[in-house]
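Enquirer: Have a look at this one.
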Amino acid sequence: MTDLRALNDAFEELERRADAATARMPLGLPPRTRPAASWSRTRLVPITLAAAVVAGVATGAVLLVPTNDPGSQTGLLAASSTPPPVTTTSTPPPPPAHESPEVLAERFRAVLGDLGTFVVTETGPGASVMTLPAGPLTGAPTTLDPEPTKQVGSSIVGTLTATGVTGGFDLLMYPGRAGDKAQCALPDEPSCTVRDLPDGSTLATGQFGLEGSGVTNEVKLIRPDGLVFGMHVSNRQSPKGSGPVLAGHPPLTVEQLVAIATSDRW
Amino acid sequence: MEFAEYVVGRRPALMRFATVLTCQTWLAEDIVSDVLGRAFERWDRISVMAEPHAYVRRMVVNEYLSWRRRLARTSPRAEVAEDVPVGDGSDERAARDAMIRRLARLPRRQRAAVVLRYYAGLPDAEIAVELGCRVTTVRSQISRALATLRVDLTANPHTYQETR
């Protein structure tokens, strides 16, 4: 055993390495006039980050949402307060798939049908929303921190078996911002494709090679109202590409993921 | 504060924080660049906060914990684990490098909790907010992490505050 001095020494050594790296980095400041995203790399554009860890679940997303952003409010309203359709029966409309992990799993089972079976090992929200303080955009500082993080949507993680092949998967759905576009987790990968669908949704797909013989297939669909659907399957036990290799390839192809994401049974 | 002013003044501290968090300078560079890119797009709002740096640092933590960063393919470039702690024969250096390797092998959330408490000097309640979990979870994560790091708090108990 040692004491905290060893940890402090480790921090100081890492600081020294950081300073050396910083000295090598070009400053690369953006121009004073701010064309949209002029500073950022291609993959920095979306407000929706490509999924961050939320409490207890190794999948999800983080949104940075200005509270007075009309686009954001419209998106959330569109997803949450649309009046129910007029009906002559007393049957209530089914809850949205992202209402809870249980509903999401149930709906996924219906969408998957005979294609495969799955076991859920983790559940949680679909996204954490960090909200910036409301304007004004100028003047004195407002608050010390942004508003508390809010969690929205649902996610499930587990293993999935299709045609005798088993691998890890994760699946998330949450109401995001209307107008956001889907992107691959690794947009620079040659396998990444992004396209618009006739209904106004955007669809991103990709296949990522992992260490060893690991492969992860990904699909991301963002509907016009901002509803986000994301899914990954891997031939490793974890959809993040870690854990033991369970098969030679993921249990579902990218094309099958697209069929699942665009199913009208959600 | 203008964004350029923030970058000039705070990027070194962000790089230090990100490097301590990731134990890898290449990953720290990548994360800091990405986060500054997103901060730039929202600087009008971030800059009016009382503690813009605290917010940007939180963005760094979130980016580090994001699943894109967790892809296994991003892990083999670890520069820390490859270090061999016998360069100068110093016991102190060997202990330090061994500690860095143990730190690098911690699960991400445990490492984030340890860094936020012992490097950034945040109280557990703020760490819980940053990591989106309960205070009891923070404490159990830190407890497990310290056991893995083989740190005995009773040996020399003190904490660290970020000064830059």
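The values are calculated or read from the model by the stated rules, or taken from the named source; none is laboratory data. Just so you know, these numbers come straight off a predicted model, no measurement behind them. A quick note on method: Cβ atoms are made from the backbone with ideal geometry, for glycine too, and the neighbour counts reach across all protein chains shown. The accessibility values were calculated without ligands, DNA or RNA, using every heavy atom of the protein model including side chains. Shrake-Rupley method; radii C 1.70, N 1.55, O 1.52, S 1.80 Å.
Okay, residues lined up against (1) open to solvent by less than 20 Å² (accessible area, probe 1.4 Å); (2) modelled with pLDDT under 55:
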residue	(1), (2)
A:Ala110	no, no
A:Gly113	no, no
A:Thr123	no, no
A:Met130	yes, no
A:Ala134	no, yes
A:Leu137	no, yes
A:Asp145	no, yes
A:Lys150	no, no
A:Ser154	yes, no
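Enquirer: Do you know which of the residues in the stretch B:14-26 that are under 11 Å from the mean Cα position of the chain (by Cα) and open to solvent by 10 Å² or more (accessible area, probe 1.4 Å) is farthest from the other protein chains (Cβ to nearest Cβ)?
Expert: B:Gln24
Enquirer: For A:Ser191, which of the numbered conditions (1) over 24 Å from B:Asp34 (Cα atoms); (2) over 17 Å from the mean Cα position of the chain (by Cα) fails to hold?
Expert: Every listed condition holds for A:Ser191 apart from (1).
Enquirer: Going through the stretch A:5-35 one residue at a time, which ones are modelled with pLDDT of 75 or more, in contact with a Ser or Thr (Cβ under 8 Å, 6 or more places away or on another chain) and either farther than 21 Å from B:Trp26 by Cβ or more than 7 Å from every other protein chain (Cβ to nearest Cβ) (or both)?
Expert: Within the stretch A:5-35, A:Ala20 is the sole residue that qualifies.
Enquirer: In the stretch A:184-199, which residue that is open to solvent by 40 Å² or more (accessible area, probe 1.4 Å) and out of contact with any strand residue (DSSP E or B) (no Cβ under 7 Å at 6 or more places or on another chain) is nearest to the other protein chains (Cβ to nearest Cβ)?
Expert: A:Asp188
Here is a yes/no grid of residues against (1) touching a strand residue (DSSP E or B) at 6+ places or on another chain (Cβ under 6 Å); (2) at pLDDT below 85; (3) not in a loop (DSSP other than H, G, I, E, B):
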residue: A:Leu172; (1), (2), (3): yes, no, yes
residue: A:Ala178; (1), (2), (3): no, yes, no
residue: A:Ala182; (1), (2), (3): yes, no, no
residue: A:Gly206; (1), (2), (3): yes, no, yes
residue: A:Gly212; (1), (2), (3): no, yes, no
residue: A:Leu221; (1), (2), (3): yes, no, yes
residue: A:Gly230; (1), (2), (3): yes, no, yes
residue: A:Ser238; (1), (2), (3): yes, yes, no
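Enquirer: Right, something else. Need the failing condition index for B:Ala18 against (1) assigned to a loop (DSSP other than H, G, I, E, B); (2) of a type in the set (Gly, Ala, Ser); (3) in contact with a Phe, Trp or Tyr (Cβ under 9 Å, 6 or more places away or on another chain), just the number.
Expert: That leaves (1) as the condition not met.
Enquirer: Could you figure out which of (1) open to solvent by less than 20 Å² (accessible area, probe 1.4 Å); (2) not in a helix (DSSP H, G or I) isn't true of A:Trp266?
Expert: Just one mismatch for A:Trp266, condition (1).
Enquirer: In this structure, is A:Pro84 in a loop (DSSP other than H, G, I, E, B) and at pLDDT 65 or above?
Expert: Against the criterion (in a loop (DSSP other than H, G, I, E, B) and at pLDDT 65 or above), A:Pro84 does not qualify.
Enquirer: Shifting gears a bit: Test B:Arg58 against the criterion of being in contact with a strand residue (DSSP E or B) (Cβ under 8 Å, 6 or more places away or on another chain), open to solvent by less than 20 Å² (accessible area, probe 1.4 Å) and within 7 Å of another protein chain (Cβ to nearest Cβ), and give yes or no.
Expert: On the way: in contact with a strand residue (DSSP E or B) (Cβ under 8 Å, 6 or more places away or on another chain): yes; open to solvent by less than 20 Å² (accessible area, probe 1.4 Å): yes; within 7 Å of another protein chain (Cβ to nearest Cβ): no.
No.
Enquirer: Can you tell me which condition B:Trp26 does not meet? The list is (1) at pLDDT below 90; (2) farther than 26 Å from A:Ala10 by Cβ, and all the others hold.
Expert: (2)
Enquirer: For the stretch B:27-46, state whether one or more residues are more than 7 Å from every other protein chain (Cβ to nearest Cβ), acidic (Asp, Glu) and over 28 Å from B:Arg105 (Cα atoms).
Expert: no
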